[in-house]
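In what follows, a structure is listed as structure tokens, so that the remarks can point back to it.
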Amino acid sequence: MAAGLTIGKLANAAGVNVETIRYYQRRGLLDEPVKPQGGHRCYPVEMLQRLRFIKRAQALGFTLSDVGGLLTLDELCACAETRALAERKLDLIRQKMIDLVVMQQLLEGLVQQCDVEGGGSSCPIIEALSRE
């Protein structure tokens, strides 16, 4: 790669949309290079690493606010703080998995009611959702 990239080339290399880069800039996750008079902004190659960091963190369930915090951590204490953040994220994921199992069981029960009652005058799923 050259010394710098246009926003389009940066977006393509990172597998994101140009608007994603602009959004990250508005959120303060990426710096916006100065636009030379009559030219195009030139993004440093290192920006690609930062974009990939953001996307990987999001894939692990970190919010953009979390990512912003991760990007500002001091190198000396980053490991402990990052670990604590990851533990909290892991706890949230575990709770979501429990919630999903409960939802699955409830829906399976409703589907079974449909199978048992088979085409009666009312739908058990609609009735269950309508209850107070």
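Points worth noting:
- Count - residues of the range 58-117 that are part of a helix (DSSP H, G or I), over 22 Å from THR20 (Cβ atoms) and in contact with a helix residue (DSSP H, G or I) (Cβ under 7 Å, 6 or more places away or on another chain): 6
- Residues in the range 99-132 that are within 20 Å of the chain's Cα centre (by Cα) and either over 18 Å from GLY61 (Cβ atoms) or not acidic (Asp, Glu) (or both): LEU100 alone.
- Odd one out for CYS79 among (1) under 19 Å from the mean Cα position of the chain (by Cα); (2) free of Cβ contacts under 8 Å to residues at least 12 places away in the same chain: (1)
- Filter result for the condition that a residue is within 23 Å of the chain's Cα centre (by Cα), at pLDDT below 95, surrounded by 11 or more Cβ atoms within 10 Å (Cβ to Cβ) and over 30 Å from ALA128 (Cα atoms), over LEU10, LEU51, LEU60: LEU60
- Residues (assigned to a loop (DSSP other than H, G, I, E, B) and among the acidic types (Asp, Glu)) located in the range 28-57: ASP31, GLU32
- Annotation for the range 104-126: at least one member residue is of a type outside the set (Val, Ile, Thr) and on the phi > 0 side of the Ramachandran plot.
The values are calculated or read from the model by the stated rules, or taken from the named source; none is laboratory data. The structure presented is a predicted model; accordingly, all values stated were derived computationally and were not measured. Here Cβ is always computed from backbone atoms with ideal geometry, including for glycine, and neighbour counts include all displayed protein chains.
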